[in-house]
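The values are calculated or read from the model by the stated rules, or taken from the named source; none is laboratory data. Fair warning: this is a prediction, and the values are worked out from it, not measured in the lab. Here Cβ is always computed from backbone atoms with ideal geometry, including for glycine, and neighbour counts include all displayed protein chains.
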Amino acid sequence: MSEVLEALRGEDIVKRFGAVTALDGVSLTLRQGEILGVLGDNGAGKSTLIKILTGFHQQTSGKLFVGGEETMLRSVDHARSLGIECVYQDLALANSLSIYHNMFLNREIIRRGPFRLLNNRAMRERAAECLEEIGVHVPSVDLPVEQLSGGQRQAIAVARAVNSNARILLLDEPLAAMGAREAGLIIDLILRLKNKGGLSIIMIMHNYAQTLDIADRVMLMQRGRVTYQREAASTSVEELMDIVRREYRAMRAAVN
Ligand SMILES: Nc1ncnc2c1ncn2[C@@H]1O[C@H](COP(=O)(O)OP(=O)(O)OP(=O)(O)O)[C@@H](O)[C@H]1O
Ligand SMILES: [Mg+2]
């Protein structure tokens, strides 16, 4: 049997916050080059999972493997050094700074010499090149981020993550609160990145139809567990909704 190479794997991950068990034994594999879509209710543990995979939180128990090697991610910087980049649900862009400054936030290009001066020209050029390359159109990279639409802002956050040579990209609800046109921009960008090759992506999503459109595989999380996973091509919106509906009915029955 031919092995599919894995980018990232979690084995029986548990995360507790005091008395709250946010993750209750989650196992998952992200294959190299695929898009894995993660669905689930509010509070199911999706963001917590992403934060563990990106080194922001440490798991209470369970193992992580990066590129097949068991690894304890100590910090976001540690994960980043292994090629794991994240765009968080509450994205961290500095709204008053320009697009190009945002793209190099915390990894500014510095001029050579005794003073640590910013090389604005280099950053501006590189930012414009990068956006051009991935097909994000903005009037000018000098614009402050606050003058962009929600979709363009998301695109800048994704572009920043990609610009860092990420090999594993974790996106927490990149399409949240977006109109169809803006969501389309991000979906196109993500599909283009995927098609360039070498990038494996986990996306937390809200919309089932969008998820099945862009993901290779989908995974459903409920109350800190993975309750379902399947190739996107062999499931449907109806099937996913059925599972969630059944769960909802069972909960109602338990309460009443
Ligand atoms: N830092 C924290 N401290 C305490 N509890 C937390 C913390 N982060 C998350 N939790 C709890 O863990 C559970 C899972 O939260 P998480 O944010 O992972 O859910 P989610 O699936 O991302 O939900 P949403 O769809 O609303 O974003 C929730 O019960 C939440 O209250
Ligand atoms: Mg969340």
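Below are the figures for this structure:
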| quantity | calculated |
| --- | --- |
| Residue satisfying all of: in the range 65-77; over 17 Å from the mean Cα position of the chain (by Cα) and within 22 Å of Ile204 (Cα to Cα); modelled with the lowest pLDDT among these | Gly67 |
| Positions within the range 198-248 being crowded, with 22+ Cβ neighbours inside 10 Å, polar (S, T, N, Q) and assigned to a strand (DSSP E or B), in sequence order | Ser200 |
| Of all residues making up the range 105-130, the number that are out of contact with any strand residue (DSSP E or B) (no Cβ under 8 Å at 6 or more places or on another chain) and closer than 14 Å to Ser164 by Cβ | 7 |
| Matching residues in the range 174-197 - criterion: being under 21 Å from Asp41 (Cα atoms) and either part of a strand (DSSP E or B) or touching a residue at least 40 places away in the same chain (Cβ under 8 Å) (or both) | Pro174, Ala176 |
| Residue in the range 159-174 that is of a type outside the set (S, T, N, Q) and farther than 26 Å from Ala79 by Cα present | no |
| Qualifying residue in the range 18-28 (condition: more than 10 Å from ligand 1 (Cβ to nearest atom), more than 18 Å from Val162 (Cβ to Cβ) and β-branched (Val, Ile, Thr)) | yes |
| Test for Ser140: is it closer than 17 Å to Ile109 by Cβ, over 12 Å from the mean Cα position of the chain (by Cα) and of a type in the set (Ser, Thr, Tyr) | no |
| Test: Val38 is free of Cβ contacts under 8 Å to residues at least 12 places away in the same chain and within 16 Å of ligand 2 (Cβ to nearest atom) | no |
| Residues (over 12 Å from the mean Cα position of the chain (by Cα) and buried (at least 22 other Cβ atoms within 10 Å of the Cβ)) located in the range 32-42 | Leu39, Gly40 |
| The range 54-103, subset β-branched (Val, Ile, Thr) and in a loop (DSSP other than H, G, I, E, B), residue nearest to Asn119 (Cα to Cα) | Thr54 |
| Search result, residues across the range 154-173 that are farther than 21 Å from Asn120 by Cβ, more than 16 Å from ligand 2 (Cβ to nearest atom), part of a helix (DSSP H, G or I) and not small (Gly, Ala, Ser) | Val158, Val162 |
| Yes/no for Gly45 being closer than 14 Å to Leu220 by Cα, within 13 Å of ligand 2 (Cβ to nearest atom) and buried (at least 21 other Cβ atoms within 10 Å of the Cβ) | yes |
| Qualifying residue in the range 34-51 (condition: near ligand 1 (Cβ under 10 Å from one of its atoms), under 29 Å from Val141 (Cβ atoms) and not aliphatic (A, V, I, L, M)) | no |
| Qualifying residues in the range 8-31 (those that are among the β-branched types (Val, Ile, Thr) and either within 16 Å of ligand 2 (Cβ to nearest atom) or in contact (Cβ under 8 Å) with a residue 24 or more places away in the chain (or both)) - the one surrounded by the fewest Cβ atoms within 10 Å (Cβ to Cβ) | Val20 |
| Number of the condition not met by His57 [criteria: (1) within 16 Å of ligand 2 (Cβ to nearest atom); (2) within 16 Å of the chain's Cα centre (by Cα); (3) at positive phi] | (3) |
